[in-house]
Amino acid sequence: MPTLTIDGQPITVSKGTTVIQAAEALGIYIPRYCYHPGLSIAGSCRMCLVEIEKAPRLEVACYSQAADGMVVHTITENVRLARRSVLEFLLSNHPLDCPVCDQSGECDLQNYYMEFGLYQSRFLENKIKRRKAYPIGPHVMLDNERCILCSRCVRFCDEVSKSHELGIVNRGERSEIALYEGRELNNAYSGNVIDICPVGALTERDFRFQCRVWYLNRTASICPGCARGCNIEIHYNVLRPYQSKGKRILRIKPRFNPAVNKWWICDEGRYGFRHIDASNRLRECEAQTADGVIPLGMETALKTAAAWIGESIEQHGKDSVGFFLSPELSNEDLYAILKLARHLGISKIDFRNPGEHPGFEDNFLIRGDKNPNRRGCVELGLYHRQRENGGWMAEEIKQGTLRMLVAFLQDLSLEPEFKAALVSLKRLIFVGSNSNATSEQAGLVLPSATYAEKNGSFTNFQGRAQRFERALVPLGDSLPENELIARIAAHFRMPEQPFEREQLLLDLRAEFPFFDQSTLDPPDVELAYQTTIAQREHA
Amino acid sequence: MEEIVKVPKQAEKGSGLTFWQRTYVPEIVRGLKLTAAHFFGNLAVHIFHLLGLWTEHRGAATVQYPEEMRGYSSRLRSLHRLTKRADGSPRCVACMMCETICPASCIYIVAAEHPDPNIEKYPESFDIDLGKCVFCGFCVEVCPEDAIRMDTHILDFAAYSREEMIWDIHRLLNNEPRRAEGIGQIRKMK
């Protein structure tokens, strides 16, 4: 266990720890390009040079192992001079096209140059021209002129995605990043190379010229794409809607969580936000009448929903009403529905996807179960009926014992059995964010908010309940499910208080010890994607 | 409970007119005297100018605006224009610097992909809401491409509606500078 001193602060680290890691543990940020905690060490950029006492010259902090009695200075005049020279070399062939570069604003070349750079250029030679702005895969754009050859992307493809598409070709100043012959950067995690690229060489095709990054607002969230529950940041533009043609969410970035997704997310999750601003979003309550579909005010619609449920219970008993939930609902939403169901005495509840079969799965992040909160449903005790795929409800509808169904989010007609049964259902209320075959069949449609538009938590397959925060105002009239439920419950003379967000959480943890014991991860206040800048300021 | 103190609201009136002021006539005479002094004074100055005398003394002049206009200082910040490349396309690369710096938030740019990879980015639309603009000139200062200038010397761009005050990229690109020879010079408009 070597003990070393960095900028006057002593720290004891385990053997094999590098100086840059030890400094990070002390909260001292050392500038870097090629070093990334999730990748192997390359030592190619020379940006992290620090002064170590008794060493003949400056050493790279990312490759030097901490030794007992080591005394490190991260900011001295020599270090500043070295970093300035390193930057001068890195920028010698850089095109300086920051005005058209999507990375500007979150570019480490810009950030470090403002701090250490030589503001007057001494470069008189001609810059080497390289190939600019061409796609190297479905999501990634490469600009060889901007590249500083830190090799983070190459190491990512070799070590994390293990797909080996990228390499460095040619020698000397003609070296550049290139795809291997006949390959394409199309692995399931290709988007991560954009995040780890410290400059504007690898940029996002989907986000290209949509918005300058300093216009984006950021909110911590949880990816609803699969049972992994990767920690993400939602980047959205609401102040300048004309820029991105009405799209509010512009990109998803991973948020560091060592226990779940580390620094990465898959491409499926990265681009899985399109339903939020899609044209099939339900914006207002709708009712099916003899004259076709008519829009309804929220108050009228909720009153009708409550009246339907009340009537059905009164005339045909409590067992005539069923709730078909969804594993895409948050713990809070599920619990609110459960509260209402208990109050009304409704016991026919299921949540399983109709017509479900596991999707693509790998041994890294992507799970076959494409729902973010199946574990939450199970832990809330909704999995007690040993019947397949919620098909028992279809059976009961056919028999006529189940006369009314409140369906949340899911398209029930994906299962043939259900599709046939829905026709004989007396009344169907659909609560969901996007329209589908079931919402078109429903007598009453209540629009609900998507995960980006509400607060809540998902329980991932490991049993971590992870909270996500509201980024956007719900579109149109839509409301979070627990609010819809609370307002329906008000028609059954239930008080509002137990449906409030914090109260829901308190009750949930009191009633289900699982949620009390599971780590209810609060989203980090300091967003991971901003740490470079935040840490720099701290240093 | 806090006690609310009532402050009597009474506007203070002027101290009133003196007797002579109230008689009206002396004040009228005083005013006419001032006007007449300026009139005859300037008349004399302009007659001397015609005779080539006393030219270092400036007489009051009337500019027949809008038929005549005075030249403005070359530093004056006037209506914006977007400069063009040699081929007539806008120099602007839609970097959004002006939109970001604008303290009045009156610039609205939408970027798009340019077919030429050496240009990459160009403004699909570039609107300036002149009803909001405060003419600070920050957009000109910040522009890395010299794509926006405020040197047209056009100041008469009033409109009848707020919508007409929003200038789009076509109007901004075709704003020809209307520059006069020197400061204070009067020139006739065609």
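Quick notes
- The stretch A:100-139: number of residues that are more than 14 Å from every other protein chain (Cβ to nearest Cβ) and either of a type in the set (Lys, Arg) or farther than 30 Å from A:ARG270 by Cβ (or both): 13
- Of the residues making up the stretch B:108-129, just one is touching a residue at least 12 places away in the same chain (Cβ under 8 Å), assigned to a loop (DSSP other than H, G, I, E, B) and open to solvent by 10 Å² or more (accessible area, probe 1.4 Å), namely B:ILE119.
- Search result, residues across the stretch B:76-89 that are over 16 Å from B:VAL142 (Cα atoms) and open to solvent by 70 Å² or more (accessible area, probe 1.4 Å): B:LYS84, B:ARG85, B:ALA86, B:ASP87
- Scanning the stretch A:64-74 for residues that are surrounded by fewer than 16 Cβ atoms within 10 Å (Cβ to Cβ) and part of a loop (DSSP other than H, G, I, E, B) yields A:ALA67, A:ASP68, A:GLY69.
- Per this entry, B:SER105 is not counted among residues that are away from chain A (no Cβ under 14 Å) and surrounded by fewer than 16 Cβ atoms within 10 Å (Cβ to Cβ).
- For the stretch A:207-224, taking the residues that are more than 9 Å from chain B (Cβ to nearest Cβ) and in a loop (DSSP other than H, G, I, E, B), the one that is surrounded by the fewest Cβ atoms within 10 Å (Cβ to Cβ) is identified as A:PHE207.
- Residue match in the stretch A:241-261 (condition: in a loop (DSSP other than H, G, I, E, B), β-branched (Val, Ile, Thr) and farther than 22 Å from A:LEU39 by Cβ): no
- Matching residues in the stretch B:1-49 - criterion: being at pLDDT 85 or above and open to solvent by 100 Å² or more (accessible area, probe 1.4 Å): B:PHE19, B:TRP20, B:ARG22, B:TYR24, B:ARG30, B:LEU32, B:LYS33, B:LEU34, B:HIS38, B:PHE39, B:PHE40
- Condition met for B:THR62 (more than 13 Å from every other protein chain (Cβ to nearest Cβ), open to solvent by less than 10 Å² (accessible area, probe 1.4 Å) and among the polar types (S, T, N, Q)): no
- Residues that are within 15 Å of A:TYR112 (Cβ to Cβ) and among the β-branched types (Val, Ile, Thr) within the stretch A:21-40 comprise just one, A:ILE30.
- Selected residue (criterion: farthest from A:LYS454 (Cα to Cα)) from residues of the stretch A:225-240 that are in contact with a helix residue (DSSP H, G or I) (Cβ under 6 Å, 6 or more places away or on another chain) and assigned to a strand (DSSP E or B): A:GLU233
- Residue within the stretch B:132-144 that is open to solvent by 10 Å² or more (accessible area, probe 1.4 Å), in contact (Cβ under 8 Å) with a residue 12 or more places away in the chain and part of a strand (DSSP E or B) present: no
- Residue in the stretch A:444-462 that is of a type in the set (Phe, Trp, Tyr) and under 20 Å from A:ALA306 (Cα atoms) present: no
- Any chance A:ARG146 is more than 14 Å from chain B (Cβ to nearest Cβ) and open to solvent by less than 40 Å² (accessible area, probe 1.4 Å): no
- If the condition is being open to solvent by 20 Å² or more (accessible area, probe 1.4 Å) and of a type in the set (Phe, Trp, Tyr), then the stretch A:95-139 contributes A:TYR113, A:TYR119, A:PHE123, A:TYR134.
- Filter result for B:ASP116 (within 11 Å of another protein chain (Cβ to nearest Cβ), within 24 Å of A:TYR134 (Cβ to Cβ) and among the acidic types (Asp, Glu)): yes
- In this structure, B:GLU176 does not satisfy being within 12 Å of chain A (Cβ to nearest Cβ) and modelled with pLDDT under 95.
- When we screen A:CYS197, A:CYS230 for residues that are in contact with a Lys or Arg (Cβ under 7 Å, 6 or more places away or on another chain), under 26 Å from A:PRO258 (Cβ atoms) and crowded, with 23+ Cβ neighbours inside 10 Å, the only hit is A:CYS197.
- Qualifying residue in the stretch A:271-282 (condition: under 30 Å from A:PRO37 (Cα atoms), of a type outside the set (Ser, Thr, Tyr) and within 29 Å of the chain's Cα centre (by Cα)): yes
The values are calculated or read from the model by the stated rules, or taken from the named source; none is laboratory data. Just so it is clear, the model here is predicted, and its values are computed rather than measured. Because the Cβ atoms are built from the backbone with ideal geometry, glycine has one as well, and the counts that use them run over all protein chains shown. Only protein heavy atoms, including side chains, enter the accessible area calculation; ligands, DNA and RNA are left aside. Shrake-Rupley method; radii C 1.70, N 1.55, O 1.52, S 1.80 Å.
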